[in-house]
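Working notes for the structure below.
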Amino acid sequence: MRKYLFLIIIFISIISCEENLNPYGELKERYILNCIIRGDTTFQTLTLTRDYQVDNFDPYSNKEDVNIKNALVRIWNGNNKVTILRDTTIERPVGDKYKTPYTVFKTNDLLPNPNSAIEIEAILPNGKKLTSVASVPDAITISEGSSDKVIPPVDNKKFIKISWSTSEKNPVFIVRLAIYFFKHENGVKTRNVLTVPLNYIQYGEAWIPNYPKPVTDLAYSVDMNTIKKAMELISDNDTNKSRYEILSCIFEVLSLDPELRKYYFATARSRDIYSVKLDETDYTNIKGGYGVFGVYMRTYWVLRFTHDYIKSFGYTPGLTDVK
């Protein structure tokens, strides 16, 4: 009896292997809206795409353009002001697997009001509607009296510190400190930016940058040893130091709205150095589809290098000296 049962199982397995097996199932029509509104500019962009299915296990093998065109996209903010985003096309880079131009929706007439509600609606050519709402964060104000303006600090501190204020409740900020400079080579001057991390970790002969994660504090500080290492890495092993023209150091701080906060904490790969995220989280706040709609406010603060500090690395000052 067992012998016959075994033969039946083998026979069924052979028949099953001959059938076409679809590991994905039937494709459900889904649409994706992604739009992050910037609070420091009137220029805003948005993308509309749809999902797709491939005949193998490599999603990057798809060559069909999934961008959606001719949709009606509107945004409401402040006193029911309506802004329409119109689609436009951007040429793709040479060698891109998609041959048609890239489609985006844009406007140059939307500066969101701080502490206000903002709503978006996209009506697709097939009548499908995607909507979402968000809250514009409060504006950020740099506290000039408690923020350093010069590198190195005038009181010879071992760190620089920038402080700011906001009335936003439970704020989450993204911070970035960067050095701007020119490199002169073969008569050509190219502009470069080096992002200064929170600190560097030495691994063998390499220095690995450790960038800051989103913070909730109203201040950010960086050790002067970290800034010194960043300055050294601008030229790295290049012996011709004088062709590097140092401009300034700019600090940026972004305040995330509640939706972007949720998106970050839902998709963050780890909470600390001991935790590991094994799966991907699909986060969306788009009604009728998928994607992310959010807002952030931004401000910046300029720190000037003294000429003596720039010259100590062999570099060339690019701005007037700090008095």
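The values are calculated or read from the model by the stated rules, or taken from the named source; none is laboratory data. Fair warning: this is a prediction, and the values are worked out from it, not measured in the lab. Reconstructed Cβ throughout: ideal geometry from the backbone, glycine too, with neighbour counts over all protein chains shown.
When only residues in region 127-151 that are among the small types (Gly, Ala, Ser) and closer than 25 Å to ALA219 by Cα count, which is surrounded by the fewest Cβ atoms within 10 Å (Cβ to Cβ)? Spell out how you get there, then give the answer.
Looking only at region 127-151, we keep the residues that are among the small types (Gly, Ala, Ser), and these are 127, 132, 134-135, 139, 143, 145-147.
Pick out the ones that are also closer than 25 Å to ALA219 by Cα and you get 135, 139, 143, 145-147.
Working: SER135: 16, ALA139: 18, SER143: 13, GLY145: 6, SER146: 13, SER147: 17.
Here the residue is GLY145.
Scan region 160-183 for residues that are in a strand (DSSP E or B) and surrounded by 20 or more Cβ atoms within 10 Å (Cβ to Cβ) and report the count. It would help to see each step written out before you state the result.
Keep residues of region 160-183 that are in a strand (DSSP E or B), which gives 160-165, 173-183.
With the extra rule that they be surrounded by 20 or more Cβ atoms within 10 Å (Cβ to Cβ), the set shrinks to 160, 162, 164, 173, 175, 177, 179, 181.
Result for region 160-183: 8.
For region 65-89, enumerate the residues that are surrounded by fewer than 11 Cβ atoms within 10 Å (Cβ to Cβ) and either at pLDDT below 90 or touching a His at 6+ places or on another chain (Cβ under 7 Å) (or both).
ASN79, ASN80
Go through region 96-126 and count every residue that is of a type in the set (Phe, Trp, Tyr), buried (at least 16 other Cβ atoms within 10 Å of the Cβ) and not in a strand (DSSP E or B).
0
What are the pairs with Cβ atoms under 9 angstrom where one residue, in region 117-137, is under 28 Å from VAL172 (Cα atoms) and the other, located anywhere, is of a type in the set (Asp, Glu) and assigned to a loop (DSSP other than H, G, I, E, B)? Sequence gap at least six, or different chains.
Listed pairs, sorted by first residue: ILE118/ASP257; ALA134/ASP257; SER135/ASP257; VAL136/ASP257; PRO137/GLU168; PRO137/ASP257.
Return the residues of region 186-218 that are within 30 Å of LYS262 (Cα to Cα), over 18 Å from the mean Cα position of the chain (by Cα) and outside any loop (DSSP other than H, G, I, E, B); say none if nothing qualifies.
Those that are within 30 Å of LYS262 (Cα to Cα), over 18 Å from the mean Cα position of the chain (by Cα) and outside any loop (DSSP other than H, G, I, E, B): ASN199, TYR200, ILE201, ILE208.
Under the condition of being touching a residue at least 24 places away in the same chain (Cβ under 8 Å), in a loop (DSSP other than H, G, I, E, B) and in contact with a helix residue (DSSP H, G or I) (Cβ under 7 Å, 6 or more places away or on another chain), which residue from region 282-323 is nearest to GLY39 (Cα to Cα)? Quick ask: steps written out before the conclusion?
From region 282-323, those touching a residue at least 24 places away in the same chain (Cβ under 8 Å) are 285-306, 309-310, 313-319, 322; that's our starting set.
Narrowing the set further to residues that are in a loop (DSSP other than H, G, I, E, B) leaves 285-286, 288-289, 306, 313-315, 318-319, 322.
Subset that is in contact with a helix residue (DSSP H, G or I) (Cβ under 7 Å, 6 or more places away or on another chain): 285, 313-315.
Details: ASN285: 19, PHE313: 37, GLY314: 39, TYR315: 36 Å.
Ranking the candidates gives ASN285 first.
If I ask for residues that are surrounded by 16 or more Cβ atoms within 10 Å (Cβ to Cβ) and either free of Cβ contacts under 8 Å to residues at least 40 places away in the same chain or basic (Lys, Arg) (or both), which ones from region 184-206 would you list?
PRO197, LEU198, ASN199, TYR200
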